[in-house]
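Student: Pasting a structure below so you can have a look.
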Amino acid sequence: MSSSPVAANSPPLTGLMVDVGAAAVELEAEDDMVIGGSILPYKVKGQEGKLRAVAVVIDQPIGAGKGKVAIIACDVLMLARDLLDPAVEEVAKALKIPVANVLVNCTHTHHAPSTATLHGYQRDELFCRRVQKAIVAAAKAADDKKKSATIHFRLGEESSVGQNSRLLLKDDSIFWIGPRDDTVRPTGPFDPELPVMSFRSDGKPIATLFNHSTHTIGVRNPGRSPSFYGLAAQELEAEVGGAFLFLEGASGSTHNLSLSADEMTLRIKRAVKDALEKAVARPVARIAAIKKPFTFKVRTVDEAKEDAAVAAYCRKRAPKQAEDFIKVFRDQRAVLAPQQGRERTTWVQAMLIGDIAIVGVPAEFFTVLGQDIKRRSPFRYTYVAELANDWIGYLPDRKAHELGGYQTWTGLHSFAEPGTGERVVDAAIGLLEELEKGK
């Protein structure tokens, strides 16, 4: 394989060039920071790879379809809009673009300092401020580095890294942690699609974006880590060239249940390289984006029923930590109790780069919902970036709510009323249809 793979049949795109820049800023972290992504707080020593904010700016400065967007990915679990809105506004001002044209996605690594008040711990405010600054700095640096480029695209596939992890067990519960030797069947789909967009200048890579839909969990060595997707991105930069930006797909219901982080990293790298080899240059006649507010309600809870479901699962499947876990969920429901039925507002976004659409949703989005967006989109190439521009917990589909399980238990990790996921899908389709009509 060449160090800069690109399809040999890529045609010249005279007059359809775009200006593209990319940059990465490292997120500083210390051993005394609590790591996000678990039920109880814990800390780690050391770090593998880098935690980063990676930005790609794409600008079509001339023609009827002129526009400019910034896409930034952060190696953190998630970020709420009280942190993101100010950073996005600063990026938009610096780049002279609307706030709707800025998408910030979290890669959802479970191995970085906490950026959300979740379960049994708080977010680390110092680290959060560092992330905010890195988002802005990366976007500005990427904008300063823009050069003329073409886009090369391939819809790749990786079907072995991840699976639907909400397994139906023989006692009619839904797997979360603990033994699963009594598995009956998965309760939803897995999405193997791995779209790859590579921006190239004079045959050399400037930036590559790729998207896949598995929870970002797994390290080679104990410590902080961008996990397997981030490790793959950083190794691909060294092997292929240019910046690599990973967009986490709709993975609220999908995890890796069997592979090591080393094997997942290897498989993702191979799939991305395969797509790069087969990528074909495509026109970027238009760049546009829409972002609109979306209102939803905090769900109403049957406390006794919720408590019984959590307690039954934890005592059977995680007996050693059961009482601690049960208390965490009780405490979370107590925080949410006075907020039941209240409205909250978040963002839904759609972005168009040529004929490739990216939808930004503000949650750990169930895969079946992400696939519904893809099926209903007016654009053939449509992909979902979850945990984009905000974080409102898990968004399961209605069927998943009926089945129950951790992702549907009420807490700071899951609090939107049933049906919110389907409503986000409808809102996203509305934005895509507006883009298709050229509004």
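The values are calculated or read from the model by the stated rules, or taken from the named source; none is laboratory data. Quick caveat, the model's predicted, so the values are computed rather than measured. Note: ideal-geometry Cβ built from the backbone for every residue, glycine included; neighbour counts use all protein chains shown. For accessibility, only protein heavy atoms count, side chains too; no ligands or nucleic acids. Shrake-Rupley method; radii C 1.70, N 1.55, O 1.52, S 1.80 Å.
Student: Hey, residue 391 hits all of (1) under 21 Å from residue 65 (Cα atoms); (2) under 13 Å from the mean Cα position of the chain (by Cα) but one; which does it fall short on?
Tutor: Condition (1) is where residue 391 drops out.
Student: What number of residues in segment 308-331 are out of contact with any His (no Cβ under 7 Å at 6 or more places or on another chain) and open to solvent by less than 80 Å² (accessible area, probe 1.4 Å)?
Tutor: Initially, segment 308-331 is screened for residues out of contact with any His (no Cβ under 7 Å at 6 or more places or on another chain), giving 308-327, 329-331.
Pick out the ones that are also open to solvent by less than 80 Å² (accessible area, probe 1.4 Å) and you get 308-314, 317-318, 322, 325-326, 329, 331.
Counting residues in segment 308-331 that are out of contact with any His (no Cβ under 7 Å at 6 or more places or on another chain) and open to solvent by less than 80 Å² (accessible area, probe 1.4 Å) gives 14.
Student: Does residue 207 qualify as being under 30 Å from residue 59 (Cα atoms) and open to solvent by 30 Å² or more (accessible area, probe 1.4 Å)? Walk me through how you get there before you give the answer.
Tutor: Numbers: under 30 Å from residue 59 (Cα atoms): yes; open to solvent by 30 Å² or more (accessible area, probe 1.4 Å): no.
Criteria not met by residue 207.
Student: Within the bounds of segment 251-274, is there any residue that is in a strand (DSSP E or B), closer than 27 Å to residue 40 by Cβ and modelled with pLDDT of 95 or more? Give the derivation first.
Tutor: Initial filter on segment 251-274 (in a strand (DSSP E or B)): 254-255.
With the extra rule that they be closer than 27 Å to residue 40 by Cβ, the set shrinks to 254-255.
Checking the rest, the ones that are also modelled with pLDDT of 95 or more come to 254-255.
Yes - at least one qualifying residue is present in segment 251-274.
Student: Okay, moving on. State the number of residues belonging to segment 90-119 that are closer than 18 Å to residue 385 by Cα and outside any loop (DSSP other than H, G, I, E, B).
Tutor: At the first step, the residues of segment 90-119 found to be closer than 18 Å to residue 385 by Cα are 99-110.
Among the residues that remain, those that are also outside any loop (DSSP other than H, G, I, E, B) are: 99-106.
Number of matching residues: 8.
Student: Further, regarding this structure: Scan segment 34-52 and give yes if some residue there is of a type in the set (S, T, N, Q) and at pLDDT 95 or above, otherwise no. Don't jump to the end; show me each part of the working.
Tutor: First pass over segment 34-52, keeping only residues of a type in the set (S, T, N, Q): 38, 47.
Add one more test, that the residue is at pLDDT 95 or above, and what stays is 38, 47.
Yes, some residue in segment 34-52 is of a type in the set (S, T, N, Q) and at pLDDT 95 or above.
Student: Right, another one. Which residues, counting only those in segment 125-143, are over 19 Å from the mean Cα position of the chain (by Cα) and under 12 Å from residue 70 (Cβ atoms)?
Tutor: Across segment 125-143, the qualifying residues are 140, 141, 142, 143.
Student: Of the residues 388, 350, 322, which is more than 22 Å from residue 56 (Cβ to Cβ), hydrophobic (A, V, I, L, M, F, W, C) and at pLDDT 95 or above?
Tutor: Values: 388 fails: more than 22 Å from residue 56 (Cβ to Cβ); 350 fails: more than 22 Å from residue 56 (Cβ to Cβ).
Testing whether each residue is more than 22 Å from residue 56 (Cβ to Cβ), hydrophobic (A, V, I, L, M, F, W, C) and at pLDDT 95 or above leaves just 322.
Student: Then there is this: Taking residue 75 as the residue in question, decide whether it is in contact with a strand residue (DSSP E or B) (Cβ under 9 Å, 6 or more places away or on another chain) and closer than 30 Å to residue 219 by Cβ.
Tutor: Working: in contact with a strand residue (DSSP E or B) (Cβ under 9 Å, 6 or more places away or on another chain): yes; closer than 30 Å to residue 219 by Cβ: yes.
It is true that residue 75 is in contact with a strand residue (DSSP E or B) (Cβ under 9 Å, 6 or more places away or on another chain) and closer than 30 Å to residue 219 by Cβ.
Student: Output the number of the condition that residue 384 fails; it satisfies all remaining conditions of (1) out of contact with any Lys or Arg (no Cβ under 9 Å at 6 or more places or on another chain); (2) farther than 24 Å from residue 169 by Cα.
Tutor: All conditions pass for residue 384, except number (1).
Student: On to the next question. Determine which single condition residue 245 fails, assuming it passes every other condition in (1) surrounded by fewer than 23 Cβ atoms within 10 Å (Cβ to Cβ); (2) assigned to a strand (DSSP E or B).
Tutor: Failing condition for residue 245: (1).
Student: Among 292, 305, 297, which is open to solvent by 50 Å² or more (accessible area, probe 1.4 Å), among the charged types (D, E, K, R) and assigned to a helix (DSSP H, G or I)?
Tutor: Working: 292 fails: assigned to a helix (DSSP H, G or I); 297 fails: assigned to a helix (DSSP H, G or I).
The match here is 305.
Student: In segment 126-139, what residues are among the small types (Gly, Ala, Ser) and surrounded by 20 or more Cβ atoms within 10 Å (Cβ to Cβ)? Lay out the reasoning, then the answer.
Tutor: Quick first cut of segment 126-139, residues among the small types (Gly, Ala, Ser) only: 134, 137-139.
Within segment 126-139, 134, 138, 139 meet the criteria.
Student: Also, I was wondering about something else. Any residue in segment 400-426 that's without any contact (Cβ under 8 Å) to a residue 60 or more places away in the chain: show its pairings with residues that are aromatic (Phe, Trp, Tyr) and outside any helix (DSSP H, G or I) at Cβ separation under 6 Å, as long as the two are six or more apart or on different chains.
Tutor: So the pair list comes out as 414/394.
Student: Among all residue pairs at least 6 apart or on different chains, which show Cβ distances below 6 Å where the first residue, located in segment 358-385, is over 14 Å from residue 432 (Cα atoms) and the second is of a type in the set (S, T, N, Q) and surrounded by fewer than 23 Cβ atoms within 10 Å (Cβ to Cβ)?
Tutor: 362/346
Student: Sort through 142, 149 and tell me the only one that's at pLDDT 95 or above, open to solvent by less than 60 Å² (accessible area, probe 1.4 Å), assigned to a helix (DSSP H, G or I) and not polar (S, T, N, Q).
Tutor: On the way: 149 fails: assigned to a helix (DSSP H, G or I).
Being at pLDDT 95 or above, open to solvent by less than 60 Å² (accessible area, probe 1.4 Å), assigned to a helix (DSSP H, G or I) and not polar (S, T, N, Q) holds for just one of 142, 149, which is 142.
Yes/no per residue for (1) surrounded by fewer than 24 Cβ atoms within 10 Å (Cβ to Cβ); (2) of a type in the set (Phe, Trp, Tyr):
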position: 342; (1), (2): yes, no
position: 351; (1), (2): no, no
position: 365; (1), (2): no, yes
position: 368; (1), (2): yes, no
position: 375; (1), (2): yes, no
position: 383; (1), (2): no, yes
position: 389; (1), (2): no, no
position: 403; (1), (2): yes, no
position: 408; (1), (2): yes, no
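Student: Would you please name the residue that is farthest from the chain's Cα centre (by Cα), looking only at residues in segment 169-199 that are open to solvent by less than 30 Å² (accessible area, probe 1.4 Å), farther than 21 Å from residue 246 by Cβ and among the hydrophobic types (A, V, I, L, M, F, W, C)?
Tutor: Only one residue fits best here, namely 169.
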